[in-house]
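For reference, the structure discussed in these notes is given below.
The values are calculated or read from the model by the stated rules, or taken from the named source; none is laboratory data. This one's a predicted model, so the numbers in the text were calculated from it and none came from an experiment. When we count neighbours, we look across all protein chains shown, and the Cβ atoms used for this are built from the backbone with ideal geometry, even at glycine.
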Amino acid sequence: MAQTSGNQETQMDDVAERIEITVDGRAVEVETGQLLPDALEAAGLYLPHLCYHPSLGPLQTCDTCFVEVDGNLVRGCGVTVKPGLEVGLDTDTAERARREGIDRVVSNHDLYCSVCDNNNGNCDVHNTVRDMQVPGQRYEFRGKPYEKDYSNPFYIYDPDQCILCGRCVEACQNLQVNETLSIDWDRDRPRVIWDDDVAIEDSSCVSCGHCVTVCPCNALMEKTAIGRMGPMTALSPQSLSGYRELGRAAIDLVKTAEHTTGFGPIFAVSEVDAAMRETELKRTKTVCTYCGVGCSFEMWTRGRELLKVQPQPEAPANGISTCIKGKFGWGHINSEHRLTKPLIRDNGAFREAEWDEAYALIARRFGEIRGESGPDALAFIASSKCTNEEAYLMQKLARAVIGTNNIDNCSRYCQAPATESLWRTVGFGADTGSIADLEAAELLLIVGSNTAESHPVIATRMKRAAKLHGQKHIVADLRVNEMAERADMHIRPEPGTDLIWLNAVAKYILDSGHADMDFINDHVDCFEDYRDSLAKFTFEFAAERTGLSQDELQAIADNIIAAKTVCGVWAMGVTQHTMGADTATALCNLLVLTGNVERFGTGGYPMRGHNNVQGTSDFGCMPDRLPGYDFITDDGIRRQYEQAWGVDLTTRKGLNNHEMVNTIHDGDLRSLYVIGEDMGIVDSDALHVQSAFEKLDFFVVQDIFFTRTCEFADVVLPASPSVEKEGTFTNTERRIQRLYEVFPPLGDSRPDWRIITELANALGADWRYDHPSEIMAESTSLCDLMSGVTYERLAGFGSQQWPVREKGASGAERLYNDGTFHFKDGNARFHPVDWTEPTDQVDAEYDLHLNNGRLLEHFHEGNLTDETPGIVFKISQAFVEVSPDLAAERGLQPGSIVRLVSRRGAIKVAVEVTDRVSGHQLYMPMHGRANSEAINVLTSFEADKDTDTPAYKELAVRMEMISADGTPPLKANNQRNQARHPTSGVEVGRKWDRDDYRRPPKPRPTGSGL
């Protein structure tokens, strides 16, 4: 059984009971509840094992870990230590059984370590053969009658190297829970298969990389590593270079000598080879730059080559898990399209410039505009792709150097309503708990969140909890996404009506006497107002407005009532509406009503969209709040910053992103500085935004690529991506993690913190930051919420979850454990909300509703992921999903080209016919960087009434046929079109039941296929 990630049980581990067991007659102290391999390793004792992995648990397939327990020969990986346990590790029977097991392994794996790309000190097969001092080949290696599979763009499978440990299967079935891999034990020569034995690329594989990460040898390998890891690996039989045949001949020659010499001399050479590689290979920890899960891992590099991404069990948010983007989506790092020199617009065209010239121009124009129109004629947009330290500097630049509160970030586009709802009800504008709570809950209420594609690693934890522990899922979504497909209950309310059914369910729970009145009476304010506000939200009213049946509403309520612990999960399907904050608040109210906000396994969890969208707001990139969400109007707090920064700060109201656009059109905002945000294509009503950019007197854009937004700039500054800088990110669960510089900045690009510092000094400041740690130290000295955050505590895979008020503390896994909420009186609050009609509704002319969102393979518009050829190979273009009924009605087929026309613009896209959508509902991914295909050419500038988050999800269009024929946008073998094949896991019992299996220490039968 797979284990949970990282440090989710840190507090328990700190006080784990120590017990005594006996190993070969001597007392050994271990932690209770550990599996024997982990317990012995911690005690400094060696127990060989190959199939066991701490993140996967005991698989019992490799037969290399036999021990005697209380006189019985057992596989050690399946033994849990307990007081008084007697273990025979070095007994004759146990040693003979382990030796028989490793001899069988070696007969299934072609040992050619010095030319193998996996001989880097961490090959479990190599290391186990070495450490067990296996003298030589007892059972002759026999190749398997299967070809290597190179079909996937990212990794290969080599059956000849596969030892059938089953790690990959367990990871796929019960950790990632994509349920693609299995072992066909019925074959004469068993092998790992994808689905019902198809090529990898023809299967349901999502290229998450779990299988490659856990493989103990080179049976599963990243293509970027093959032939590149060592001085002789171009000779590897797995390499597609012209040297492969030469390598095979050399291996065969060595194998001939091996019969005489044994493994000893050959392994000595491979050990020298591995040591040589260490001088060239670099392993650097970083944090993923894509979504808000906060996956961390090591990057293995040689020079500027990224060889592989290797997650580690100690990674606190993800453990060994990744998605396709985090594991393989790094083509942007060395892309030929990277910006490497400042660009200045000169006579209508861009030319390269030196940094000093660019800084001087920006300083002069900023100064002129501020002098002519005041500081509020300038505005600043920080990037959720940048670090916390860079966010802090960006708001400091706006406030302390320019003198304006016109500072915001892209949380305005997605998460501001979620933050508002949590501020209203529980106090802190962030996840109330941790990923561990989501795993532990009895019920997840998932509303408007395509978690499996938008936050894939968190989805693995949810799917695993459902499969292995019976967790229930209720999913509310217009579309049959993966979470909806797997859910215990999937509802499809009419667009923009989630608030209604949430309030109706709350009313029923209250009226039927199932509200947690003890909790409410002790810990919640404003109950009477909330109760009264629910009066009209009967099941009858809700059914009429939402399209749901009363039976569905009853079933939702019954499930919530029955569950001891409930987590609410939501994302942009909730927030990107004109009533987004109110809908999120309705969900928070429901959680408060049922007492599901302060205990383990409960709480509210808005899925943060970008890697640092949480941190960018945490560190003050908001028009009304300083770092730590302190109000700029708070005199005491503001004076602290004024004293530290040596300036007077304004309390004038600042503009948010949305307001900035209209203020540009009004002529009152003359200059804009945007970092790492392709605002011209990701903001709603893109043509309206682009026309605003054309009106600016001076526009500075800082990015790693020449984006659509850059096209309107006067100066473009070349920044560095996350792997070319140091700093910290904060993930969706408030977890702060360090990232380290993997590569030096490409060309003349620079880290954003350095650019902002140098620009501030060009504007007359005297900033003296030499390293991001100095920026963090300054920010935490001023911000009580994170005053205990230190780089020392964050070293390696360390992390801290705010609030962190004591130096070096781990912080808070859950915000309200003690029932004290972040309001002056310590109570939570009900916040009554009413429903408002969505905008841009369908009518006779615009008769289709167009929903939109993320795609697993790509991130947003594709500025980063379009630079990874393997991702583009999988999905290369924008498309719109159309239901089979609508396709039949309009004469459409996969690949038809249509024009989608809204009340603002038109785009041209290919059609994908799928039952993921129904009726006149359409769905379109955000992927697309040109006006001709970008969804936001269609969306409106309407916004949430409380937070100004654009109403991306309120969109009516009409469809015009351009061509009935065309190439389908998704290939026939796309993983979405393939059926998964769930199993319980490795199914090792099927191996043991084979006629040609004998339990060690009995020798393997002659002719055995195992």
**Asked** Restricted to the stretch 941-975, and to residues that are charged (D, E, K, R) and surrounded by fewer than 14 Cβ atoms within 10 Å (Cβ to Cβ), which residue is nearest to Asn178 (Cα to Cα)?
**Response** Asp965
**Residue identified as assigned to a helix (DSSP H, G or I) and out of contact with any Gly (no Cβ under 8 Å at 6 or more places or on another chain) among Val293, Val272** = Val272
**Asked** Quick one: which of Thr497, Thr460 is under 23 Å from the mean Cα position of the chain (by Cα) and either at pLDDT 95 or above or among the aliphatic types (A, V, I, L, M) (or both)?
**Response** Thr460
**Request:** Kindly state which helices (runs of 4 or more DSSP H) lie completely within the stretch 546-655 and contain at least 2 residues that are crowded, with 21+ Cβ neighbours inside 10 Å.
**Result:** 550-562, 572-575, 580-593, 613-618
**Prompt:** Between a first residue in the stretch 236-260 that is farther than 22 Å from Asp149 by Cα and assigned by TED's automatic domain parsing to the domain that holds Tyr155 and a second residue that is among the β-branched types (Val, Ile, Thr) and surrounded by fewer than 16 Cβ atoms within 10 Å (Cβ to Cβ), which pairs have beta carbons less than 6 Å apart while being 6 or more apart in sequence or on different chains?
**Reply:** none
**Message:** Given the criteria under 27 Å from the mean Cα position of the chain (by Cα), assigned to a loop (DSSP other than H, G, I, E, B), of a type outside the set (Lys, Arg) and under 28 Å from Phe267 (Cα atoms), does Asn178 qualify?
**Reply:** no
**Asked** In the stretch 320-408, which helices (runs of 4 or more DSSP H) lie fully inside it and hold 1 or more residues that are over 20 Å from Leu759 (Cα atoms) and more than 30 Å from the chain's Cα centre (by Cα)?
**Response** 355-373
**Message:** Can you find a residue that is basic (Lys, Arg) and without any contact (Cβ under 8 Å) to a residue 60 or more places away in the chain anywhere in the stretch 395-408?
**Reply:** no
**Subset tally (residues that are part of a loop (DSSP other than H, G, I, E, B) and under 21 Å from Val105 (Cα atoms)) for the stretch 35-73** = 17
**Message:** Suppose we filter the stretch 272-284 for residues that are farther than 18 Å from His109 by Cβ and surrounded by 13 or more Cβ atoms within 10 Å (Cβ to Cβ); how many remain?
**Reply:** 6
**Fill in**
Only unsatisfied item for Ala466, checking (1) surrounded by fewer than 19 Cβ atoms within 10 Å (Cβ to Cβ); (2) hydrophobic (A, V, I, L, M, F, W, C); (3) part of a loop (DSSP other than H, G, I, E, B), is (3)
**Prompt:** When residues of the stretch 232-252 are filtered for being in a loop (DSSP other than H, G, I, E, B) and crowded, with 16+ Cβ neighbours inside 10 Å, how many remain?
**Reply:** 6
**Asked** In the stretch 853-876, which residues are buried (at least 22 other Cβ atoms within 10 Å of the Cβ) and over 25 Å from Asp683 (Cα atoms)?
**Response** Lys874
**Request:** Would you check if there is a residue in the stretch 720-738 being more than 22 Å from Phe619 (Cβ to Cβ) and surrounded by 23 or more Cβ atoms within 10 Å (Cβ to Cβ)?
**Result:** no
**Asked** Going by the conditions given, is Trp300 touching a residue at least 60 places away in the same chain (Cβ under 8 Å), out of contact with any Phe, Trp or Tyr (no Cβ under 9 Å at 6 or more places or on another chain), outside any strand (DSSP E or B) and not assigned by TED's automatic domain parsing to the domain that holds Cys211?
**Response** no
**Single residue of Asp825, Asp770, Asp818, Asp766 found to be modelled with pLDDT under 95 and not polar (S, T, N, Q)** = Asp818
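Which of the residues that make up the stretch 293-327 are in contact with a helix residue (DSSP H, G or I) (Cβ under 6 Å, 6 or more places away or on another chain) and not β-branched (Val, Ile, Thr)?
Cys295, Pro311, Asn318, Ser321, Cys323
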**Message:** Kindly evaluate Thr80 against the criterion of being modelled with pLDDT of 95 or more, of a type outside the set (Asp, Glu) and not assigned by TED's automatic domain parsing to the domain that holds Asn174.
**Reply:** yes
**Request:** Considering each of Leu850, Leu794, Leu815, Leu855 in turn, give the residue that is touching a residue at least 60 places away in the same chain (Cβ under 8 Å), of a type in the set (A, V, I, L, M) and outside any loop (DSSP other than H, G, I, E, B).
**Result:** Leu850
**Condition broken by Leu164, with the remaining ones in (1) part of a loop (DSSP other than H, G, I, E, B); (2) modelled with pLDDT under 95 satisfied** = (2)
**Message:** Looking at Arg805 and the list (1) in contact with a strand residue (DSSP E or B) (Cβ under 7 Å, 6 or more places away or on another chain); (2) under 25 Å from Gly427 (Cβ atoms), which single condition is not satisfied?
**Reply:** (1)
**Asked** Does Ser918 count as among the polar types (S, T, N, Q) and either modelled with pLDDT of 95 or more or buried (at least 23 other Cβ atoms within 10 Å of the Cβ) (or both)?
**Response** yes
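Matching residues to (1) among the hydrophobic types (A, V, I, L, M, F, W, C); (2) surrounded by fewer than 18 Cβ atoms within 10 Å (Cβ to Cβ); (3) within 17 Å of Pro493 (Cα to Cα):
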| position | (1), (2), (3) |
| --- | --- |
| Leu815 | yes, no, no |
| Gly819 | no, yes, no |
| Phe823 | yes, yes, no |
| Ala828 | yes, no, no |
| His831 | no, no, no |
| Pro838 | no, no, yes |
| Glu845 | no, yes, no |
| Leu848 | yes, no, yes |
| Asn851 | no, no, yes |
**Asked** In the stretch 863-870, is there at least one residue being closer than 27 Å to Thr546 by Cβ and at pLDDT 95 or above?
**Response** no
